[in-house]
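**Student:** Handing you a structure now.
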Amino acid sequence: LVAALVAACASAGVCQSASAPKPLVSHIFTADPSAHVFNGKIYIYPSHDIEANVAEDDEGGHFNMRDYHILSMDKIGGKVTDHGVALDLKDIPWAGRQLWAPDAAYKNGTYYLYFPVKDKQDVFRIGVATSKSPTGPFKAEPQPMAGTYSIDPAVFTDTDGTSYMYLGGIWGGQLQRWHTGKYEANGSKTDLKKDNEPALSAKVARLSKNMLTLDEPLKDVQILDQNGKPLLGGDHDRRFFEGGWMHKYKNKYYFSYSTGDTHLLAYATGDTPYGPFTYQGVIMKPVTGWTTHHSIVEFNGKWYIFYHDVELSGKTHLRNVKVRELPRRADGSIETITP
Ligand code: FUB
């Protein structure tokens, strides 16, 4: 029976069980899955990892991705469809290299793909591309979104229809090089090295109604401890590193993120999309591979976490996306997952 099930899963291109999540696809490497439900279907907007033969470094040069593929599924555990190339680096007029973790949104008949990529000066910016279909192909705007920088855009649309973009990542994501408001080309490759000062924050801004521009300057996403004090730069187990995500549950805003060099997914809650947010705990202990990156989405009344590890390759830059149910307690708090 087990052999028959494995064979059936393999021929369908997907195998998923409640107890041990498996890679959603294995014909390409995928990472940083931003999941959304559009028209009753699940769409996953991941990075598309490739072997580019670049040596590993603290700036993530080995993550040298060149396009995006969008995945979809009718239900959790169902067949996963790869819709092919949705956007290629060569079709983004201002882009230099490294297409990192994207996200997507829908408004008024148009789908928006938000993506970080280094410009021709090797500075990460956020771009936006549009399509009439959730799976693309997407057409990139001719310039990056004004006022954006760093990586990992995540767009959250509140129940009143207002959309917000969260972004940022330290180390290879370059956020530390913007701490004065201007880009420091020779700034630190990691963080500010000020362990006793407030940690660098992710950023947030409301999006304009046309979803193509920021409607206000970026603000700090403050994460406080239980005493109302900002988390410190030296608090590597709790401070923000990269991969921010916002979801709303019972009128509370949950900002979740990766702690990077301590490899945790953590979360903090607040009363508005801007925060401040109070640190609550760990969502997921380290996965295999250096990076950890997730999204959280509700589908048919259940909450799921999409994430990645390196089960298929054993290599940190060749990742595979997975999904599992998000274990939530009655009070809304999230139980720690041991992957
Ligand atoms: O995929 C490249 C980078 O790795 C992402 O932008 C980060 O969040 C980390 O997952």
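The values are calculated or read from the model by the stated rules, or taken from the named source; none is laboratory data. Bear in mind the structure is a predicted one, so any value in this text is a computation, not a measurement. Virtual Cβ from ideal backbone geometry, glycine too; neighbours counted across all protein chains shown. Calculation scope for accessible area: heavy atoms of the full protein, side chains included, ligands and nucleic acids excluded. Shrake-Rupley method; radii C 1.70, N 1.55, O 1.52, S 1.80 Å.
**Student:** Is the shape of the stretch 157-302 best called rounded, prolate or oblate, per the rule: a/c under 1.5 gives rounded, else a/b larger than b/c gives prolate, else oblate, with a ≥ b ≥ c the square roots of the Cα gyration tensor eigenvalues?
**Tutor:** Oblate is the answer for the stretch 157-302, as a/c is 1.5 or above yet b/c matches or exceeds a/b.
**Student:** Taking the Cα centre of the stretch 107-196 as the origin, how large is its charge dipole in debye, to the nearest 20, when only Lys and Arg (+1) and Asp and Glu (-1) carry charge on their Cβ atoms?
**Tutor:** Dipole size: approximately 260 debye.
**Student:** Points 7 angstrom from Cα along the Cβ direction at Tyr183 and Asn196: gap in nanometres?
**Tutor:** Distance between label points: 3.4 nm.
**Student:** Which value in deg cm²/dmol, rounded to the nearest 500, describes the helix-derived mean residue ellipticity at 222 nm for the chain, given -39,500 (n - 2.57) per DSSP H run of n ≥ 4 and division by the residue count?
**Tutor:** It comes out at -1000 deg cm²/dmol, rounded to the nearest 500.
**Student:** Between Asn39 and Asp261, 0.36 nm times their residue separation minus their Cα-Cα distance comes to what?
**Tutor:** Computed gain between Asn39 and Asp261 is 76.2 nm.
**Student:** Given points 7 Å out from each Cα along the Cα-Cβ axis, report the Lys132 to Arg206 separation in nanometres with one decimal.
**Tutor:** Each label point lies 7 Å from its Cα, and together they span 3.1 nm.
**Student:** Summarise the accessible area of the stretch 226-339 (1.4 Å probe, protein heavy atoms) by the percent that is carbon and sulfur.
**Tutor:** Accessible surface attributable to carbon and sulfur in the stretch 226-339 totals 46 percent.
**Student:** Moving on. Past 28 Å, Cα to Cα, is the threshold; run Lys107/Lys250; Lys79/Lys250; Lys252/Lys322 against it and keep the listed order.
**Tutor:** The pairs that break the limit, which is 28 Å between Cα atoms, are Lys79/Lys250.
**Student:** Still on this structure: When Lys and Arg each count +1 and Asp and Glu each count -1, what net charge do the other residues less than 10 Å away from Val287, Cβ to Cβ, add up to?
**Tutor:** +1
**Student:** What does the net charge come to around Thr159 if you take all other residues with beta carbon closer than 15 Å to its beta carbon, with K and R at +1 and D and E at -1?
**Tutor:** Its environment carries a net charge of +1.
**Student:** Evaluated at 25 °C with a viscosity of 0.890 mPa s, what Stokes-Einstein diffusion coefficient in µm²/s does the stretch 159-235 have when Rh comes from the Kirkwood expression over alpha-carbon pairs?
**Tutor:** 176
**Student:** Please arrange Arg66, Arg324, Arg319, Arg238 by accessible surface area, largest first, computed with a 1.4 Å probe and ligands excluded.
**Tutor:** Ranked from most to least accessible, the order is Arg66, Arg238, Arg324, Arg319.
**Student:** Could the peptides 140-151, 185-196 be put in order, highest first, of the mean number of other beta-carbon atoms found within 10 Å of their residues?
**Tutor:** 140-151, 185-196
**Student:** Ok, one more. Using only the alpha carbons, work out the radius of gyration and Dmax of the stretch 261-339 in angstrom.
**Tutor:** Cα radius of gyration and Dmax of the stretch 261-339 are 13.6, 41 Å respectively.
**Student:** A further question on this structure: Convex hull over the alpha-carbon atoms of the chain: what's its volume per residue in Å³?
**Tutor:** Dividing the Cα hull volume of the chain by its residues yields 130 Å³.
**Student:** Local charge sum around Thr110 (other residues, Cβ-Cβ under 13 Å, Lys/Arg +1, Asp/Glu -1)?
**Tutor:** Here the count lands on +3.
**Student:** Along the stretch 148-165, what does the Karplus equation 6.51 cos²θ - 1.76 cosθ + 1.60 (θ = phi - 60°) give for ³J(HN,Hα), rounded to whole Hz, x for Gly and Pro?
**Tutor:** With the stated coefficients, the stretch 148-165 comes to 9, 7, 6, 10, 6, x, 9, 9, 10, 10, 6, 5, 8, x, 7, 10, 10, 10 Hz.
**Student:** Separate question: Using 7 Å Cα-to-Cβ label points, what is the Asn53/Lys219 separation (nm, one decimal)?
**Tutor:** Roughly 4.9 nm, to one decimal.
**Student:** Farthest toward the dipole's positive end in the chain, which of Ala140, Trp303, Trp178, given Cβ charges of +1 (Lys, Arg) and -1 (Asp, Glu) about the Cα centre?
**Tutor:** Trp303
**Student:** Mind checking the full-extension length gain between Asp67 and Glu325? Use 0.36 nm per residue of separation minus the Cα-Cα distance, one decimal, nm.
**Tutor:** Extra length from Asp67 to Glu325 when fully extended: 90.0 nm.
**Student:** Tell me which of Ala55, Tyr68, Thr292 sits at the most positive position along the dipole axis of the chain, charges placed on C-beta atoms (Lys, Arg +1; Asp, Glu -1).
**Tutor:** The Cα lying farthest towards the positive end belongs to Tyr68.
**Student:** Which value, in debye to the nearest 20, gives the size of the charge dipole of the chain about its Cα centre, when Lys and Arg are +1 and Asp and Glu are -1 at the Cβ?
**Tutor:** For the chain, the charge dipole is close to 660 debye.
**Student:** Label the stretch 136-187 by shape, choosing from rounded, prolate and oblate, from the square roots a ≥ b ≥ c of the eigenvalues of the Cα gyration tensor; if a/c is under 1.5 it is rounded, and otherwise prolate applies when a/b is larger than b/c, oblate when it is not.
**Tutor:** Prolate, because a/c is 1.5 or more and a/b exceeds b/c.
**Student:** I've got another one for you. Could you report the chain's accessible area per residue, 1.4 Å probe, as an integer in Å²?
**Tutor:** Heavy-atom accessible area per residue stands at 42 Å².
**Student:** What longest range of the chain stays clear of loop-exposed GluC sites (Glu not before Pro) (DSSP non-H/G/I/E/B, at most 15 other C-beta within 10 angstrom)?
**Tutor:** Longest site-free region, per DSSP loop and neighbour criteria: 185-334.
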